[in-house]
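Student: Before we start, here is the structure in question, set down as structure tokens.
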Amino acid sequence: MLTYLPKRIGQGLLTVFLTVSTVFLLIRMAPGDPAAAFAGPLATNEQLAAVREQFGLDKPLLAQYWIFLQQLVTGNLGTSYSFQAPAAQVVLERLPYTLTLATAAIVLAAVIAIPLGVWMARRTNTGKELGVNMLTITGQSMPDFWTGIMLLTGFSVLLPIFPSSGFATWSGLALPAITIAILQVALVSRMVRREMTANFSAPYLTVARSRGVSESLLTWRYAMGNAAIPVFTALGTRFAAMLNGVVVVEVVFAWPGVGSLIVRALETRDYPLIQAAVLITALLAVGVQLLIDLAYPLLDPRVRLGKAATA
């Protein structure tokens, strides 16, 4: 633990630093002028020059990067051009909505995908398994925006059961969470099926079955116990990816999360806001991955932290 944890934290921080630095460079290479987006289409050249000077955009790229690094070290992520407020504060105000949506989606996916994957593994090479497998492939093939629009049409327009946008009530969480969960169920259930199928044919289960161990205990304690690490890793990795902002779903459902905030920041060329959003979500994603690694010994005592990443 004493050697593994500092090393893993250092790797995570380096990943975050490289990610933010890459984003810093790419957004400045992209077409568009933040000063023009801030000042408006009728701004004069003098007004644009004043805005660039105000935001430090008139400085060379290396000078801007040095200022960014200084702000990063002190925890100052700059002031959002469009909100005229600290960029980190704007992102943190939206972050709970993304966390709520991601948590609801991954819990829903786990509740459905794990039993479904076990059910498929129990019926390998049967007609029922083939039919469900085709459904999961269909769910995996559907784009998020199309799934969201179909759910909106069916359950907000034709059958006005759920709100069409926003998060005014908890019912507004249902459709975006289901939209995200459909893809996750398709991915995770197929992975669970693969792992459980391999475990069901393993010799240790044959021995346990010969000793009279019940099928439910064989499934959920023995086989699932050995499949726990890949299943947990898949769910944790998908959750970490959601924390970076489920952009398409948030835009479709006008969800007030980080994803829709990033879209607005890109439209207005709000550099500090984009950088703050990437930094905060990257830190969260790296933190989740670290927790996944630390949980491996709890799931399987044979795993040692120094080998957790490759177990």
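Student: Outside any helix (DSSP H, G or I), out of contact with any Ser or Thr (no Cβ under 7 Å at 6 or more places or on another chain) and open to solvent by 70 Å² or more (accessible area, probe 1.4 Å): does that describe Pro31?
Tutor: Spelling it out, Pro31 is indeed outside any helix (DSSP H, G or I), out of contact with any Ser or Thr (no Cβ under 7 Å at 6 or more places or on another chain) and open to solvent by 70 Å² or more (accessible area, probe 1.4 Å).
Student: Only one of (1) within 24 Å of Ala168 (Cα to Cα); (2) modelled with pLDDT of 90 or more is not met by Arg264, so which one is it?
Tutor: (2)
Student: Does Thr136 fit the bill of being among the β-branched types (Val, Ile, Thr), more than 29 Å from Ile280 (Cβ to Cβ) and open to solvent by 30 Å² or more (accessible area, probe 1.4 Å)?
Tutor: Considered against the rule, which asks whether it is among the β-branched types (Val, Ile, Thr), more than 29 Å from Ile280 (Cβ to Cβ) and open to solvent by 30 Å² or more (accessible area, probe 1.4 Å), Thr136 comes out as no.
Student: Consider Thr22 carefully, then state whether it is under 26 Å from the mean Cα position of the chain (by Cα), under 30 Å from Val286 (Cβ atoms) and of a type outside the set (Asp, Glu).
Tutor: On the way: under 26 Å from the mean Cα position of the chain (by Cα): yes; under 30 Å from Val286 (Cβ atoms): yes; of a type outside the set (Asp, Glu): yes.
Here the answer is yes, as Thr22 does meet what is asked.
Student: Filter segment 177-203 down to the residues that are in contact with a helix residue (DSSP H, G or I) (Cβ under 7 Å, 6 or more places away or on another chain) and farther than 17 Å from Ala113 by Cα, then identify the one that is surrounded by the fewest Cβ atoms within 10 Å (Cβ to Cβ).
Tutor: Phe200
Student: While we're looking at this one, here's another question. Against the condition at pLDDT below 85, farther than 26 Å from Leu152 by Cβ and open to solvent by less than 50 Å² (accessible area, probe 1.4 Å), how does Asp293 come out, does it pass? Quick ask: steps written out before the conclusion?
Tutor: Working: at pLDDT below 85: yes; farther than 26 Å from Leu152 by Cβ: yes; open to solvent by less than 50 Å² (accessible area, probe 1.4 Å): yes.
Considered against the rule, which asks whether it is at pLDDT below 85, farther than 26 Å from Leu152 by Cβ and open to solvent by less than 50 Å² (accessible area, probe 1.4 Å), Asp293 comes out as yes.
Student: Can you tell me which residues in segment 255-276 are part of a helix (DSSP H, G or I), over 14 Å from Leu92 (Cα atoms) and open to solvent by less than 10 Å² (accessible area, probe 1.4 Å)?
Tutor: Result: Ala265, single match.
Student: Is it fair to say Pro41 is of a type outside the set (Gly, Ala, Ser), more than 34 Å from the chain's Cα centre (by Cα) and open to solvent by 40 Å² or more (accessible area, probe 1.4 Å)?
Tutor: Yes.
Student: Turning to a different aspect of this structure: Please work out if Val258 is touching a Phe, Trp or Tyr at 6+ places or on another chain (Cβ under 9 Å) and within 30 Å of Leu5 (Cβ to Cβ).
Tutor: Taking the combined requirement at face value, the residue satisfies it.
Student: Does segment 221-253 hold any residues that are touching a residue at least 12 places away in the same chain (Cβ under 8 Å) and open to solvent by 60 Å² or more (accessible area, probe 1.4 Å), and which are they?
Tutor: Scanning segment 221-253 gives Tyr222, Asn226, Phe232, Arg238, Asn244, Val248, Val251.
Student: Another question, if that's okay. For segment 7-28, which residues satisfy the criterion of being open to solvent by less than 80 Å² (accessible area, probe 1.4 Å) and over 17 Å from Leu273 (Cα atoms)?
Tutor: Arg8, Ile9, Gly10, Gly12, Thr15
Student: Could you run through segment 166-176 and say how many residues are in contact (Cβ under 8 Å) with a residue 12 or more places away in the chain and open to solvent by 60 Å² or more (accessible area, probe 1.4 Å)?
Tutor: 0
Student: Quick one: in segment 139-162, of everything that is free of Cβ contacts under 8 Å to residues at least 12 places away in the same chain and more than 16 Å from Val248 (Cβ to Cβ), which residue is least open to solvent (accessible area, probe 1.4 Å)?
Tutor: Per the stated criteria, the residue is Gly154.
Student: Among the residues of segment 44-68, how many are of a type outside the set (Gly, Ala, Ser), in a helix (DSSP H, G or I), open to solvent by less than 80 Å² (accessible area, probe 1.4 Å) and without any contact (Cβ under 8 Å) to a residue 12 or more places away in the chain?
Tutor: 1
Student: Let me ask something additional. Would you be able to tell me the number of residues in segment 77-116 that are assigned to a helix (DSSP H, G or I), open to solvent by 20 Å² or more (accessible area, probe 1.4 Å) and not small (Gly, Ala, Ser)?
Tutor: Residues in segment 77-116 being assigned to a helix (DSSP H, G or I), open to solvent by 20 Å² or more (accessible area, probe 1.4 Å) and not small (Gly, Ala, Ser): 17 in total.
The values are calculated or read from the model by the stated rules, or taken from the named source; none is laboratory data. Remember, predicted model here, so these are calculated numbers, not experimental data. Note that we place each Cβ from the backbone using ideal geometry, even for glycine, and neighbour counts take in every protein chain shown. These accessible areas exclude ligands, DNA and RNA; they are computed on the full protein's heavy atoms, side chains included. Shrake-Rupley method; radii C 1.70, N 1.55, O 1.52, S 1.80 Å.
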